[in-house]
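**Q** One structure, as structure tokens, below. Some questions next.
A short reminder: the numbers here are calculations on the coordinates, not readings from a lab. These figures come from a predicted structure and were not determined experimentally. Positions of Cβ are backbone-derived with ideal geometry, glycine not excepted, and every protein chain shown enters the neighbour counts.
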Amino acid sequence: MKFNTQLIHGGNSEDPTTGAVSTPIYRASTFHQRKLGGEVKWEYGRTGNPTRASLEKLMAELEQGVAGFAFASGSAAIHAVFSLFSAGDHFVVGNDVYGGTFRLINQVLKRFGFEFTVVDTQNLAAVEAAIQPNTVAIYFETPTNPLLKLTDIKAITKIAQQHDLKTIIDNTFATPYNQQPLTLGADIVVHSATKYLGGHSDVVAGIAVTNKLELAERLAFLQNAIGSVLGPDDSWLLMRGIKTLGARMRVHHENAHAVADFLVHDPRVAKVLYPGLTDFPDHELARNQMRDFGAMISFELKPGLSAKQFVESLKLIDLAESLGGIESLIEFPAVMTHGAIPREVRLANGIKDELIRLSVGIEDEQDLIADLKQGLTQLDGEN
Ligand SMILES: *Cc1c(COP(=O)(O)O)cnc(C)c1O
């Protein structure tokens, strides 16, 4: 089955009990055990729920893993994955990961004795050099947020395998539509399903998928032990969103290509970061590693132009955190999504104060471009 068909017919596309074509919402916290101590499929809602299990099966298939796990948020999924490890373990982490992941690492996991070295995962020599005797895993995102830098997944997983390390990849930006890291040698994929997988800005959820049975068993244990599970209603909503992932991604891409092309040619725009642009430094890698280039675009205005005035003047595109929804959203990483990262660290990593990040939605591309154009035209009066 091809990916776009799998989205619709994968997982438990039909309810085994009734034949309903949409998995029912099993809103039950506990299940009748007919025999004391007998084998039961369902016992308690945290341990397992049929609606959640249907979503987990679907996600395992879409990422080509052996098991999927649904959590109350992407952050909860990432926390559960790190919980596979112990105090004294060391991690090599990409330097451009989601701001909340930095917060989890620096303000939570370090207190539990986890050790981290942050490196630019584009620099393979730096990754090798960061590996220590107690290193257990390499963790990164590709493309990154908000600079959209790509890391060569195969090259990193090769290094990881040579050193007997796990590779963990946050696949939120690409989605399995664009890349399936487990097929390139990664061990675990995590998602903020709040973004493209859900796709409608109406559910907060997280996913972890692994292709290793041993890791799957331990993740199942941790999901139940920690308990940050996704409820049945949100599991259903997420599955509903996932069914249209392929259709949405095709329009996201079409619009992103058009918007990037418009921005590149506007005289008020200084720099556009989009992997689909042929002169983007990681364009070739994106071509090899991804099916399309995603729909996130970051850009900078020419010096002297007010990025604040620009984003506030937009009428259709909302100023808001988050991404990956059907509606276009624009934001300032330095003030909003990446505000938790110290300014000097942000600047050292190339995230300027006035960098603008745009999540291109699936509206009509002409309306999006017209809105950006009117916002940019207003800046002319300033200079
Ligand atoms: C949003 C996001 C997260 C965190 O997910 P939540 O669902 O908000 O907890 C993790 N990684 C990336 C890349 C994200 O964009």
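**Q** Which of the residue pairs K166/K195; K41/K158; K57/K154; K57/K308; K195/K308 have a Cα-Cα distance greater than 32 Å in the structure shown?
**A** K41/K158; K57/K308
**Q** Where both residues lie in the chain, what percent of DSSP beta bridges are antiparallel, nearest 5? Mind dumping the intermediate values first?
**A** On the way: 23 of 42 bridges.
So the antiparallel bridges amount to about 55 percent of the total.
**Q** Another question about this same structure. Counting Lys and Arg as +1 and Asp and Glu as -1, each charge on the Cβ, what is the dipole of segment 246-377 about the Cα centre in debye, to the nearest 20?
**A** Here segment 246-377 has a charge dipole of around 300 debye.
**Q** Evaluate the charge dipole of the chain about its Cα centre and quote only its size in Debye, nearest 20, assuming +1 on the Cβ of each Lys and Arg and -1 on the Cβ of each Asp and Glu.
**A** Taking the Cα centre of the chain as origin, the dipole is about 980 debye.
**Q** Among Q179, Q309, Q33, which one moves the most in a GNM of the chain with springs linking Cα atoms closer than 10 Å?
**A** Q33
**Q** Apply the a/c threshold of 1.5 to the C-alpha gyration tensor of segment 3-243 and tell me whether it is rounded, prolate or oblate. Display every interim value, and only then the final one.
**A** On the way: a/c = 2.05, a/b = 1.59, b/c = 1.29.
Since a/c reaches 1.5 and a/b is larger than b/c, the shape of segment 3-243 is classed as prolate.
**Q** Quick check on the exposure proxy: order R291, R343 from fewest to most C-beta atoms within 10 angstrom.
**A** Working: R291 17, R343 12.
Arranged by neighbour count, lowest to highest, R291, R343 become R343, R291.
**Q** Let me ask another. Once you have a ≥ b ≥ c as the square roots of the Cα gyration tensor eigenvalues for segment 246-377, tell me rounded if a/c is under 1.5, and otherwise prolate or oblate according to whether a/b is larger than b/c.
**A** Rounded is the answer for segment 246-377, as its axis ratio a/c remains below 1.5.
**Q** Continuing with this model, one more query. Just check segment 314-383 against the gyration tensor rule for me: Cα atoms, a ≥ b ≥ c as the square roots of the eigenvalues, rounded for a/c under 1.5, and otherwise prolate or oblate depending on whether a/b exceeds b/c.
**A** oblate
**Q** Tabulate in residue order the Karplus-calculated ³J(HN,Hα) for segment 130-143, using 6.51 cos²θ - 1.76 cosθ + 1.60 with θ = phi - 60°, rounded to whole Hz; enter x for Gly and Pro.
**A** 7, 6, 10, x, 9, 6, 10, 7, 10, 10, 7, 10, 8, x
**Q** Pop a pseudo-label 7 angstrom from the Cα along the beta-carbon direction at both E115 and R27 and give the gap in nm to one decimal.
**A** Label at E115, label at R27, 5.0 nm between them.
**Q** Still on this structure, please answer the following. Pull up the cross-link candidates among the aspartates and glutamates for K243, meaning alpha carbon to alpha carbon under 20 Å and not fewer than 8 places away within one chain.
**A** Hits, sequence-local ones excluded: E14, D15, E56, E61, E63, D202, D233, D234, E254, D292, E327, E363.
**Q** Another question, then. So, in nm, how far is label N12 from label A129 when the simple model puts each one 7 Å beyond its Cα toward the Cβ?
**A** About 5.2 nm separates the two model spin labels.
**Q** Right, something else. List, in order, the whole-Hz ³J(HN,Hα) value for each residue of segment 73-80 obtained from phi through the Karplus relation with A = 6.51, B = -1.76, C = 1.60 and θ = phi - 60°; use x for Gly and Pro.
**A** Taking θ as phi minus 60°, the curve returns 6, x, 4, 5, 5, 5, 4, 5 Hz for segment 73-80.
**Q** Check cross-link reach from K149 to the lysines: straight Cα distance under 17 Å, and skip same-chain residues fewer than eight apart.
**A** K271, K352
**Q** Once amide H atoms are built 1.01 Å from N in the peptide plane, which residues 5 or more positions from E363, or in another chain, come under 5 Å H to H?
**A** For E363, whose amide H was placed from the backbone, the distant partners under 5 Å are S328.
**Q** List R46, R27 from most exposed to least, where exposure is judged by having the fewest other Cβ atoms within 10 Å.
**A** R27, R46
**Q** Per DSSP H run of at least 4 residues, take -39500 (n - 2.57); add these up for the chain, divide by its residues and hand me the 222 nm value, nearest 500 deg cm²/dmol.
**A** It comes out at -10000 deg cm²/dmol, rounded to the nearest 500.
**Q** Continuing with the same structure: Just to confirm the number: angle between the C-alpha axis of helix 365-378 and the first principal axis of the chain, 0 to 90 degrees, nearest 10?
**A** Computed tilt is about 40 degrees.
**Q** Still on this structure, I have one more. Would you mind pulling out the separation of the Cα centroids of segment 174-243 and segment 22-53, in Å?
**A** Centre-to-centre (Cα) distance: 20 Å.
**Q** Output ³J(HN,Hα) for segment 15-31: one whole-Hz value per residue in order, computed from phi by the Karplus curve 6.51 cos²θ - 1.76 cosθ + 1.60 with θ = phi - 60°, and x for Gly and Pro.
**A** Ordered by residue, 3J(HN,Hα) equals 6, x, 7, 10, x, 4, 7, 10, 4, x, 8, 8, 8, 9, 8, 8, 10 Hz.
**Q** Continuing with the same structure: To the nearest 10 degrees, how steep is helix 153-162 against the longest Cα principal axis of the chain, on a 0 to 90 scale?
**A** Approximately 50 degrees, to the nearest ten.
**Q** Further question on the same structure: As an exercise, use a Förster radius of 41 Å and the Cβ-Cβ distance of A155 and K315 to find the FRET efficiency, rounded to the nearest 0.05.
**A** Calculated value: 0.40.
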